[in-house]
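Before any comments, here is the structure.
Where a number appears in this text, it was derived from the coordinates with a stated rule and is not lab data. Worth saying up front: this structure is predicted, and the values here are computed from it rather than measured. Positions of Cβ are backbone-derived with ideal geometry, glycine not excepted, and every protein chain shown enters the neighbour counts.
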Amino acid sequence: MNEQRKSDHIRINLEEDVNFKQLTTGLENYHFLHQALPEINLAQVDTSISIFGKKLKIPLLISSMTGGTAQARQLNLILAEAAELNGIAMGLGSQRAAIEDDTLTNTFQVREVAPTTVLLANLGAVQLNYKYTPHDCQRAVNMIEADALILHFNAIQESMQPEGNTNFSHLLDKIEQVCRVLSVPVIAKEVGWGFTEDTVRALVNVGVAAIDVAGAGGTSWSQVEMYRAQNIVQQRVAATFIDWGIPTSEAILAAKRAHPDMPIIASGGIRNGLDIAKCIALGATMGGIARPFLKAAVKSLADVLEEIQIINMELRIAMFGIGVDSIETLQHTHRLIKH
């Protein structure tokens with residue numbers, strides 16, 4: 001059943017319109033004040049950052065997508081090789097399938113093609129209420145030799161699944177236990193509905209080291225589940241929630257208010273390097289992109305490399321266009337204006 005769900009998710013994301021209908025990331029409401037005289041050399045624009053003890057050449061994460069199937073293994077190897085070649089980070093899909101069936105572990109294991117880059121392990125936070133322990137979280141980390149663990153929060157998605165795990169009660173204490181004993185930092189990640197300031201603060205207070213805001217405006221997982229629905233009741237309920245969530249731009253600002261010095265990953269509807277530049281100017285550390293990379297990886301490694309090249313050029317030109325030559329300077333620019 002789990003393997004079928006994974007296959008369904010890949011197919012639906014590639015074939016169907018699963019975007020929010022009216023709710024957007026909010027990034028379109030911001031623009032940069034063009035600097036006609038940048039007073040810097042484009043060749044000297046430095047997009048590197050340090051995160052989780054490693055250096056990335058581009059502040060870009062291939063966001064968690066898949067694992068647990070033969071197709072997912074091929075996609076993950078292509079994405080990981082591209083991440084290594086470009087000095088960007090990569091998150092793996094939820095490793096629950098491999099925790100429960102160790103014959104699936106190789107569908108997540110990509111260190112062989114990505115020996116130096118930042119790799120993020122991934123489990124659903126709600127599984128801590130379904131017999132998962134800090135030991136299982138450590139197993140997920142060890143399985144892929146990860147630099148950090150993503151605990152993802154997908155309450156709305158689980159509520160749309162007939163087989164969903166919907167007991168999200170009393171999770172904070174269990175998350176605190178994981179943060180206390182795990183050998184690597186813990187990242188809290190939504191999957192497309194964003195975090196509020198108070199939720200970020202609560203997560204940081206129990207030891208979470210970074211937030212992936214994964215706001216609304218990109219792929220709507222209620223829509224993905226709508227296409228998986230087996231009857232009209234499930235379809236109609238899923239359709240009602242198409243525009244639920246906190247836009248990505250608002251979620252970044254909320255996380256920044258909650259903890260100004262914490263690494264913030266901006267994801268949820270990020271589609272190009274200009275989007276990433278805006279997110280960093282709002283306070284993010286880096287940007288995460290999923291669906292465009294999935295579409296590229298299905299074609300070839302060359303297509304993924306081209307996608308990264310385009311995103312990198314867009315980011316660099318945006319920085320050049322406002323006269324900033326480092327990511328730290330971009331984080332403190334006054335040249336991002338809201339309409």
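Only one of these is touching a residue at least 24 places away in the same chain (Cβ under 8 Å), touching a helix residue (DSSP H, G or I) at 6+ places or on another chain (Cβ under 7 Å) and surrounded by 20 or more Cβ atoms within 10 Å (Cβ to Cβ): 280, 322. Name it. That would be 280, the only listed residue that is touching a residue at least 24 places away in the same chain (Cβ under 8 Å), touching a helix residue (DSSP H, G or I) at 6+ places or on another chain (Cβ under 7 Å) and surrounded by 20 or more Cβ atoms within 10 Å (Cβ to Cβ). Taking first residues from segment 183-210 that are under 25 Å from residue 242 (Cβ atoms) and partners that are assigned to a loop (DSSP other than H, G, I, E, B) and β-branched (Val, Ile, Thr), the Cβ contacts under 8 Å between residues at least 6 apart in sequence or on separate chains come to 188/208; 190/213; 193/246; 194/213; 194/246; 195/213; 195/246; 196/246.
Yes or no: residue 184 part of a loop (DSSP other than H, G, I, E, B), in contact with a Cys (Cβ under 8 Å, 6 or more places away or on another chain) and at negative phi?
No; evaluated as a whole, the condition is false for this residue.
Sort out which residues of segment 227-260 are assigned to a loop (DSSP other than H, G, I, E, B) and more than 16 Å from the chain's Cα centre (by Cα), and write them in order of number. Residues satisfying the conditions are 229, 230, 231, 241, 242, 243, 244, 259, 260. Tallying residues that are in a strand (DSSP E or B) and in contact with a helix residue (DSSP H, G or I) (Cβ under 6 Å, 6 or more places away or on another chain) within segment 261-276 yields 2.
Answer with yes or no whether residue 8 is over 19 Å from the mean Cα position of the chain (by Cα), surrounded by 12 or more Cβ atoms within 10 Å (Cβ to Cβ) and not in a strand (DSSP E or B). Walk me through it before giving the result.
Numbers: over 19 Å from the mean Cα position of the chain (by Cα): yes; surrounded by 12 or more Cβ atoms within 10 Å (Cβ to Cβ): yes; not in a strand (DSSP E or B): yes.
Yes, satisfied.
When residue 121 is tested against the conditions (1) assigned to a loop (DSSP other than H, G, I, E, B); (2) touching a Phe, Trp or Tyr at 6+ places or on another chain (Cβ under 9 Å); (3) under 30 Å from residue 331 (Cα atoms), the lone failure is (1). Working only within segment 283-306, note down all residues that are in contact (Cβ under 8 Å) with a residue 60 or more places away in the chain, farther than 22 Å from residue 211 by Cβ and among the charged types (D, E, K, R). Within segment 283-306, 295 is the sole residue that qualifies. Take the conditions surrounded by 24 or more Cβ atoms within 10 Å (Cβ to Cβ) and out of contact with any His (no Cβ under 7 Å at 6 or more places or on another chain) and apply them to residue 203. Does it pass? Yes.
Filter segment 289-308 down to the residues that are loosely packed, with under 15 Cβ neighbours inside 10 Å and in contact with a helix residue (DSSP H, G or I) (Cβ under 8 Å, 6 or more places away or on another chain), then identify the one that is farthest from residue 33 (Cα to Cα). Filtering first and then ranking leaves 300. If the condition is being without any contact (Cβ under 8 Å) to a residue 40 or more places away in the chain and of a type in the set (Val, Ile, Thr), then segment 90-116 contributes 103, 105, 110, 113. Report whether or not residue 37 is part of a helix (DSSP H, G or I), over 18 Å from the mean Cα position of the chain (by Cα), over 28 Å from residue 221 (Cα atoms) and in contact (Cβ under 8 Å) with a residue 60 or more places away in the chain. Criteria not met by residue 37.
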